[in-house]
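Structure first, then comments.
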Amino acid sequence: MGSNLTYKILQHHLVEGELKQGNEIGIRIDQTLTQDATGTMAYLQFEALGMKNVKTDLSVSYVDHNMLQTGFENADDHQYLQSVASKYGILFSKPGNGICHQVHLERFGKPGKTLLGSDSHTPTDGGLGAIAIGAGGLDVAVAMGGGPFYLNAPKVVGIKLTGKLRDWVTAKDVILEVLRRLTVKGGVGKIIEYYGEGVKSLSVPERATICNMGAELGATTSIFPSDEITRAYLHKQGREMDWEPMEADADAHYDEHQEIDLSELEPLIACPSSPDNVKKVSEVEGTPVAQVLIGSCTNSSFRDLAVISSVLQNHKVNPAVSMGINPGSKQVLETITAHGKLLQIISSGARLNESGCGGCIGMGQAPPSDGVSLRTFNRNFPGRSGTPNDKVYLCSPEVAVAAAIFGKITDPRRLGNYPKVEWPDQFVLDDSQIILPSPTPDQVNVTRGPNIAPLPIAEKMPERIEKVVLLKLGDNISTDAIMPAGAKILPLRSNIPKISEYVFSAVDPQFAKNAKEKGGGIIIGGENYGQGSSREHAALAPMYLGVKAVIVKNFARIHKANLINFGILPLEFANAADYDKINAGDVVVLENIRQHLMGNSHAMVLHNKTKGIEIPLKEDYTERQRAMLLAGGLLNFTREQNQ
């Protein structure tokens, strides 16, 4: 039986372990990316590793999240990022140049390469045929230093695409259909690989949309083959030399199968407040809408905005609707301008915002109270928009613009003939806002503003933990709930003592205060704990507050890795029903921890002193992860290895 594309690329990059499903493997990383909300901490960690320069083929530092400069913090951090990039051999994409995933797809992504990014939507580059994985900043820092990235060899889900999308049905509807089928937990431990004749009908930006939002499945990444469509896109980017044909063997093996006939899909929409709460647009048609936002790394390409421009040529935004548009990159903005497509957008009554993440991460553009917001984004977790009890729907640009025109959720097919997108022979190519590193790095002084605090380092794992249960949570707790974003909190990403004051603030405003008063504690959770963003602050800040262990029914991939990276024990209930035997405020004990991690003890048991019962636990650590936990996290472990 032949090989799928995923395992072909993994095999080519394998440096440790056997590429056998479930085994821990280490792969060589060709490229890395960071964004400013996670990058400052990633580079502080890189500096702590004592490296003189990056060892990857390419590393890029993007500024796209923290661009709302209401104080000195963001501007100071951007100066730090630019200076550290100059010193250590990293390209620096300035504020306004665009969203990291859109720009990387345009200017740097390559078929068959590995990309590790400190953002969960790094899989966007799977649209080019790359293995692109989101991870915590510390994992990215180690990769920049030449270290392997470790993961369990995944299952590969083959999704065969047949047919062709009908008018007004889009790539966004494809990934919404996948989410409807598999749910936000359906991709954990898996890579989603698309193949079949239907693939040939999708452009690279459309493939990128599908890969981008595949992160909401909990998948490690998603990937498309690299074919003549890929070649044509890279030609328009002036880098056809980066193209390489890559596809699965004709008799490739897949661990799971799905098939989607593109011609049978219709416009879909994810209703509040989960990306997998998917319905047909026709089922919710008529719902009044207060806000429409088009953009984000999911849907802000030239193709997306060209369609919107054509629709708005003969329409105005409804007076009851506030409509905002975020071009994905400076290239997108310049190209739609050069091709005469910007005027229609501006004259329609839409607001043109900066090329950046904006409202997607709660950095402005919050919807009104009780108002429905339609967004072409990838996440609609509760409160992520910046408005408590928000009503955020996720949809394609086509569905979004129809709602903006009619003032209510409307099937876009009511707009009539579908606009024909005229692709340019070449996109506007201007890399002037990508700054090259210094040719004399020894002469570069790294700029550190007052908001940058020293990096907290975890202690070695103790033999015994006796702590109170600080919080008990339900299923599908996202990293937004653990460590919120938004204009107030994001500027504190480089200051762990300050940002830690907001841990679980939307769930329990007194959490940080209680954690400090009680000397830390334990967190209890349900299914899919830590879904969503790769933000390592959701582990780093709790570690700073003294959280020693998180015990849940099961974890999302990146967050579990981040907990281990920062020396917090991620444990699971051996029996899910035992979740009901523990409450917030209970005093619990874990004993013989170090002996257990060294393999010298039986399965770990949680002693609930308050209730006088014992609860069996299970864990799933590799030998390397056990060593990391013993050392107190990845940074301590790496230092020990390099001594």
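Structure values in brief
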{"item": "Loop trypsin sites (Lys or Arg not before Pro), region 1-47 (other Cβ atoms within 10 Å of the site Cβ: 15 or fewer; DSSP)", "result": "Lys20"}
{"item": "With Cα atoms, 0 to 90° folded angle of helix 171-182 axis to the chain main axis", "result": "40"}
{"item": "Geometric extent, Cα atoms of region 75-114 - Rg, Dmax (angstrom)", "result": "12.0, 36"}
{"item": "Spatial separation of Cα centroids for region 435-454 and region 180-224, in angstrom", "result": "38"}
{"item": "Diffusion constant of region 269-414 at 20 °C, which comes from Stokes-Einstein with the Kirkwood Cα-pair radius and 1.002 mPa s, µm²/s", "result": "145"}
{"item": "Subset of Lys553/Lys611; Lys185/Lys611; Lys391/Lys518; Lys94/Lys488 violating a 26 Å alpha-carbon distance limit", "result": "Lys185/Lys611; Lys391/Lys518"}
{"item": "Tensor-based shape of region 17-171 (alpha-carbon gyration tensor, a/c under 1.5 rounded, otherwise prolate or oblate)", "result": "oblate"}
{"item": "Centre separation in Å (Cα based) which lies between region 44-95 and region 123-172", "result": "23"}
{"item": "Relative frequency of Cα-Cα separations exceeding 18 Å in region 352-400, percent", "result": "23"}
{"item": "Coordinate range along principal axes, alpha carbons of the chain, Å, largest first", "result": "69, 58, 54"}
{"item": "For region 521-643, diffusion coefficient by Stokes-Einstein and Kirkwood Rh (Cα), 20 °C, 1.002 mPa s, µm²/s", "result": "144"}
{"item": "Which of Leu569, Leu58, Leu19 has the fewest Cβ neighbours within 10 Å, and the rest in rising order", "result": "Leu19, Leu58, Leu569"}
{"item": "Beta bridges per DSSP with both ends in the chain, % antiparallel, nearest 5", "result": "35"}
{"item": "Region 130-232 - convex hull of the alpha-carbon atoms, volume per residue in Å³", "result": "115"}
{"item": "Label point distance in nm, Arg594-Ala506, each placed 7 Å from Cα along Cα→Cβ", "result": "3.9"}
{"item": "Cross-link reach list, lysines versus Lys52, counting only Cα pairs under 20 Å and skipping chain neighbours closer than eight places", "result": "Lys87"}
{"item": "Spatial extent of region 376-468: Rg and Dmax, with the Cα atoms as the point set, Å", "result": "25.3, 68"}
{"item": "Taking region 269-414 and dividing mean pair separation by its residue count, relative contact order in percent (alpha carbons under 8 Å, at least six apart)", "result": "36"}
{"item": "Qualifying GluC sites (Glu not before Pro) for region 1-34 [loop in DSSP, other Cβ within 10 Å: at most 13]", "result": "Glu18"}
{"item": "Too-long pairs where the Cα-Cα distance tops 21 Å, listed order kept, from Lys190/Lys460; Lys498/Lys609; Lys316/Lys341", "result": "Lys190/Lys460; Lys498/Lys609"}
{"item": "Charge-dipole axis of region 2-161 as Lys and Arg at +1 and Asp and Glu at -1 on Cβ define it, positive-most pick from Gly2, Gly50, Gly109", "result": "Gly2"}
{"item": "Length-normalised contact order of the chain in % [C-alpha pairs under 8 Å, at least 6 apart]", "result": "14"}
{"item": "Calculated [θ] (222 nm, deg cm²/dmol) that DSSP helices of n ≥ 4 give over the chain, each run adding -39,500 (n - 2.57)", "result": "-8000 deg cm²/dmol"}
{"item": "Computed P(r) (all Cα pairs; region 5-264; 5 Å bins; percent)", "result": "1, 6, 14, 18, 19, 16, 13, 8, 4, 2, 0, 0"}
{"item": "Region 5-264, relative contact order [Cα under 8 Å, separation at least 6], %", "result": "22"}
{"item": "Candidates per trypsin sites (Lys or Arg not before Pro) in region 399-467, loop by DSSP, up to 13 other Cβ within 10 Å", "result": "Lys420, Lys460, Arg464"}
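Just so you know, all these numbers are worked out from the coordinates, no wet-lab data involved. Computed from a prediction, not measured in an experiment: that's the story for all the values here. No Cβ is skipped: glycine too gets one built from the backbone with ideal geometry, and neighbour counts run over all protein chains shown.
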